[in-house]
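A.B. asks: This is the structure I want to talk about, given as structure tokens.
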Amino acid sequence: MSGRNEARQDQADTAGDWQAERRRALADARCVVVKVGSAVLTNGQGLDLAMVESLAGQLSAVQEGGRRVVLVSSGAVAAGRGVLRSCCEIAGMPHRQAASAIGQSRLMHHYDEAFARRGRISAQVLLTRDDLKSRNRFLNARNTFAALLDWGAIPVVNENDTVAVHDLKFGDNDCLASLLLNIVEADLFVNMTSAGGVFAENPQDNPDACVMDCIDDVHGLDLDGLCGGKTSVGTGGMYSKLLSARRAAQIGVPTLIVPGREPDVLARAFAGEAIGTWVRADARTVSRRKYWLAYQSDPAGTVTVDEGAARALLQGGKSLLPGGVCAVEGGFGSGALVRVAAQDGTVIGVGLSNYAAAELRRIMGHKRHEVAAILGDAHYPEVIHRDNLLLDAVV
């Protein structure tokens, strides 16, 4: 049995303790990332100011409990739509980006005022995934967040939708929130959604489906069968929220998915009320460095490995050697992030390739001495070193 499977078995053996675990995690959390979606923040006319006011009050109370709070807030595009509804039709990416530019300033203005009424300082932080690719920019972002949190400010984070074409898509802010967990070294992730939690079945197929109180192994869920579609005003839906919970679990952070429009839902959750769905963290976690390298950008290609190499990676903790590679997709360069897939197409993980795609096609399937003959002395023993490989990556 692999190490990860053993960890999941250990967790399953203690499944009955999840209520105590949840109470303890909520009580002990020192840094909390809270994500709120468009479906929670908006109504048919645009931004729901009463919801913004309620959220500011709840987050201020969470901070008063001695916790650092980071808010990841959607809603800019929807807020812009509300302003433009009577005069402009919004169709296509440029219009959505323009709507975001109009809506973002209004969204932040209302947050500023709502937090100020409670004696709190809010700070706008706009990010794209590109901002996290460079290790130096990642560290700069971490230092900025550290300063803001040291000052007692509440960072309000959003995708920089006006310029981020690739990132303005399904799962954008859910993904961003999961990456922020690493930047701010959070120990709890709260995702406020329009649903009551995670349903045991797709409610579109079964209207009587019940909300699950706890998910012991988020990696084992059939997300395609469990989740259906996107919300009407957002870009995510439960699918992207569970993908983010998977990422959070890998770094040892539990996720609480709660019905964001219910009154005082955060206060009730921190007071111990059984509300929403608790997603347990993995018993064995990955390093923050591996977490960063795996999710700092989208994979640029795919390296398919044979059965022996897949077994060595999954069960033996080995590096990927040229001899185990049987196919290469994409036109990536040396140092690029790539998927590692089995021959049946199953993604094993992601890692940093020591070779460009063109070089890898020349040496795949060859032994080490043959690689030297093909490329000369300037070559690496491994295609992907195990220190630069994350198995079970959520991509």
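The values are calculated or read from the model by the stated rules, or taken from the named source; none is laboratory data. In this text, all values refer to a predicted model and were calculated from it rather than measured experimentally. Heads up, the Cβs are rebuilt from the backbone with ideal geometry, glycines too, and the neighbour counts pull from every protein chain shown. Please note that ligands, DNA and RNA were not included when accessible areas were found on the heavy atoms of the full protein model with its side chains. Shrake-Rupley method; radii C 1.70, N 1.55, O 1.52, S 1.80 Å.
A.B. asks: Put 255, 144 in order of accessible area, largest first, 1.4 Å probe: what do you get?
C.D. replies: Output order, biggest surface exposure first: 144, 255.
A.B. asks: At a probe size of 1.4 Å, how large is the accessible area of residue 380, to the nearest 10 Å²?
C.D. replies: The accessible area comes out at roughly 120 Å².
A.B. asks: With a 1.4 Å probe and all protein chains kept in place, how much accessible area does residue 194 have, in Å² rounded to the nearest 10?
C.D. replies: The accessible area comes out at roughly 70 Å².
A.B. asks: Still on this structure: Between residue 69 and residues 5 or more places away or on another chain, which pairs have amide H atoms under 5 Å apart, with H built 1.01 Å from N, and which residues are they?
C.D. replies: Answer set, sorted by chain and number: 32.
A.B. asks: Divide by every residue of the chain the summed helix terms, -39500 (n - 2.57) for each DSSP H run of at least 4, and state the resulting mean residue ellipticity at 222 nm, rounded to the nearest 500 deg cm²/dmol.
C.D. replies: -12000 deg cm²/dmol
A.B. asks: What do you get for the angle between helix 238-250 and the principal long axis of the chain? Use alpha-carbon atoms, 0 to 90 degrees, nearest ten.
C.D. replies: The two axes meet at around 60 degrees.
A.B. asks: Ignoring ligands and nucleic acids, what accessible area does residue 95 show with a 1.4 Å probe (Å², nearest 10)?
C.D. replies: Estimated to the nearest 10 Å², residue 95 gives 80 Å².
A.B. asks: Residue 51: net charge of surrounding residues, Cβ under 13 Å, Lys/Arg +1, Asp/Glu -1, itself excluded?
C.D. replies: -3
A.B. asks: Using a simple charge model, +1 on the beta-carbon of Lys and Arg, -1 on the beta-carbon of Asp and Glu, nothing else, what dipole does the chain show about its Cα centre, in debye to the nearest 20?
C.D. replies: Charge dipole, the chain, about its Cα centre: 960 debye, nearest 20.
A.B. asks: Going by accessible area, probe 1.4 Å, with all protein chains left in place, what is the ranking of 290, 133, largest first?
C.D. replies: Largest accessible area first, the list is 133, 290.
A.B. asks: Another one. So for the chain: antiparallel DSSP bridges make up what percent, rounded to the nearest 5?
C.D. replies: Beta bridges within the chain, antiparallel portion: roughly 40 percent.
A.B. asks: What is the helix-to-structure angle for 18-28, meaning the angle in degrees between its Cα long axis and the longest Cα principal axis of the chain, kept from 0 to 90 and rounded to the nearest 10?
C.D. replies: Between helix and principal axis, roughly 70 degrees.
A.B. asks: Using the Karplus equation 6.51 cos²θ - 1.76 cosθ + 1.60 (θ = phi - 60°), what ³J(HN,Hα) coupling, rounded to whole Hz, does each residue of the stretch 255-267 give in order, writing x for Gly and Pro?
C.D. replies: Result, ordered by residue: 10, 10, 9, 10, x, x, 8, 6, x, 6, 5, 5, 4 Hz.
A.B. asks: For a quick protection proxy, order the peptides 185-192, 115-122 by their average other-Cβ count within 10 Å, most packed first.
C.D. replies: 185-192, 115-122
A.B. asks: Can you tell me the orientation of helix 172-183 relative to the chain, as the angle in degrees between its alpha-carbon axis and the longest Cα principal axis, to the nearest 10?
C.D. replies: 80
A.B. asks: Now for a different question. Could you tell me whether the stretch 284-368 comes out rounded, prolate or oblate from its Cα gyration tensor? Rule is a ≥ b ≥ c as square roots of the eigenvalues, rounded for a/c under 1.5, then prolate if a/b exceeds b/c, otherwise oblate.
C.D. replies: It comes out oblate by the Cα gyration axes.
A.B. asks: Using amide H atoms built in the peptide plane, which far-off residues or other-chain residues are under 5 Å from residue 193 H to H?
C.D. replies: Result for residue 193 returns 258, 260.
A.B. asks: From Cα pairs below 8 angstrom and at least 6 apart in sequence, can you work out the relative contact order of the stretch 240-395, rounded to a whole percent?
C.D. replies: 23
A.B. asks: Go through the stretch 103-115 residue by residue and turn each phi into a ³J(HN,Hα) via Karplus (6.51, -1.76, 1.60, θ = phi - 60°); whole Hz please, and just put x for glycine and proline.
C.D. replies: For the stretch 103-115, the Karplus curve yields x, 4, 5, 5, 4, 5, 4, 5, 5, 3, 5, 5, 5 Hz.
A.B. asks: Mind listing the long-range amide H neighbours of residue 215? Cut-off is under 5 Å, sequence gap 5 or more, other chains count too, H placed in the peptide plane at 1.01 Å from N.
C.D. replies: 278, 279, 280
A.B. asks: Still on this structure: Considering only lysines 8 or more places apart in sequence, or on different chains, count the pairs in the chain whose C-alpha atoms sit under 17 Å apart.
C.D. replies: Taking the Cα cut-off of 17 Å, the pair count is 9.
A.B. asks: Please name whichever of 276, 92, 197 sits farthest to the positive end of the charge dipole of the chain, dipole taken about the Cα centre and charges placed at Cβ: Lys and Arg +1, Asp and Glu -1.
C.D. replies: Of the listed residues, the answer is 92.
A.B. asks: Given a cut-off of under 8 Å on Cα pairs at least six residues apart, what relative contact order in percent is computed for the chain?
C.D. replies: 15
A.B. asks: What are the ³J(HN,Hα) couplings of the stretch 384-395, residue after residue, when phi is run through the Karplus curve with 6.51, -1.76, 1.60 and θ = phi - 60°? Round to Hz, x for glycine and proline.
C.D. replies: 9, 6, 4, 5, 10, 10, 10, 7, 6, 5, 8, 10
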